[in-house]
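Asks: I am attaching a structure below and will ask some questions about it afterwards.
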Amino acid sequence: MLFIVALLGAAAAPVAALAGLPALIGHVPAVHGVGTAVAALAIAYTLIAQQAMGASWRAGVDQQERTALVSHGPFARVRNPIFTAMAITGVGLALMVPNVVALAALAALTVAVELQVRVVEEPYLRALHGPAYAAYEATAGRFTLAVRYCATP
């Protein structure tokens, strides 16, 4: 449901701006331009990551479905590059139309992604792939690159 709220909010933000809802930062063309570029690049990356999933791509989780664990390409260091790119798209949209509607849509998207990943997808993948998923979790970050720190003597 929150994904729908986020999508509707993202569509409503520019409409609200055209209807006179004030921007939170005023009219700053450079910010709008950066937002446009960020959103466009993130949308492109979303499509690239979806393509990399191949036959494992699906919307939602079907407990009866058995898909392969995808850990190559965009998934090599980030377990959820599609959701990461969606969130970056939301940031770009909020910069393009920086009003309270855009920020509310970004907040809804953030909560929706966190819940979907932590409550639905990760438990499913742990149950389905067992030790292989545990090893993958150890090497790939949830939404960002996994960073390893080495202690130096």
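Read the figures in this text as sums done on the coordinates, not as results from a lab. Small disclaimer: the values here were computed from a predicted structure and weren't measured. Cβ placement follows ideal geometry from the backbone for every residue including glycine, while neighbour counts extend to all protein chains displayed.
Asks: For the stretch 71-153, what does the equivalent ellipsoid look like in terms of its semi-axes, each the square root of 5 times an eigenvalue of the Cα gyration tensor, given largest first in whole Å?
Replies: Values: eigenvalues 159, 59, 22 Å².
Listed largest to smallest, the semi-axes of the stretch 71-153 are 28, 17, 11 Å.
Asks: Right, next: For the stretch 1-86, what's the radius of gyration and Dmax over Cα atoms, in angstrom?
Replies: Here Rg and the maximum Cα pair distance are 17.0, 50 Å.
Asks: Now for a separate question. Taking Cα pairs under 8 Å and at least six residues apart, what relative contact order does the chain come out at, in percent? If you can, show how the numbers build up before the last one.
Replies: Working: 171 pairs, mean separation 57.1, N = 153.
That works out to 37 percent.
Asks: Could you tell me the extents of the stretch 34-123's C-alpha atoms along the three principal axes, largest first, rounded to whole Å?
Replies: 42, 25, 19
Asks: Before rounding to the nearest 500, sum -39500 (n - 2.57) across all DSSP H runs of length at least 4 in the chain and divide by the residue total; then give [θ] at 222 nm in deg cm²/dmol. Display every interim value, and only then the final one.
Replies: On the way: 6 runs with 91 residues, N = 153.
About -19500 deg cm²/dmol.
Asks: Fewest Cβ neighbours within 10 Å first, please rank ILE25, ILE88 accordingly. Please list the in-between numbers first.
Replies: On the way: ILE25 11, ILE88 18.
Lowest count first: ILE25, ILE88.
Asks: Okay, next question. Go through VAL28, GLY130, VAL111 and say which Cα lies farthest out towards the positive end of the charge dipole of the stretch 1-136; charges sit on Cβ, +1 for Lys and Arg, -1 for Asp and Glu.
Replies: GLY130
Asks: For the chain, go through all pairs of different Cα atoms, get the mean of 1/r, take its inverse, and jot down that Kirkwood value in Å.
Replies: Working: mean 1/r = 0.0590 Å⁻¹.
Over the chain, the inverse of the mean reciprocal pair distance is 16.9 Å.
Asks: Filter the DSSP H helices in the chain by two things, a Kyte-Doolittle mean of at least 1.0 and an axial alpha-carbon span of 20 angstrom or more, and list the hits by number.
Replies: Working: long enough: 2-18 (24 Å, 2.44); 29-53 (36 Å, 1.21); 81-96 (22 Å, 1.81); 100-115 (22 Å, 2.41).
Span-like helices, by this rule, are 2-18, 29-53, 81-96, 100-115.
Asks: Remind me, relative contact order of the stretch 73-153 in percent, using alpha carbon pairs under 8 angstrom and six or more residues apart?
Replies: That works out to 52 percent.
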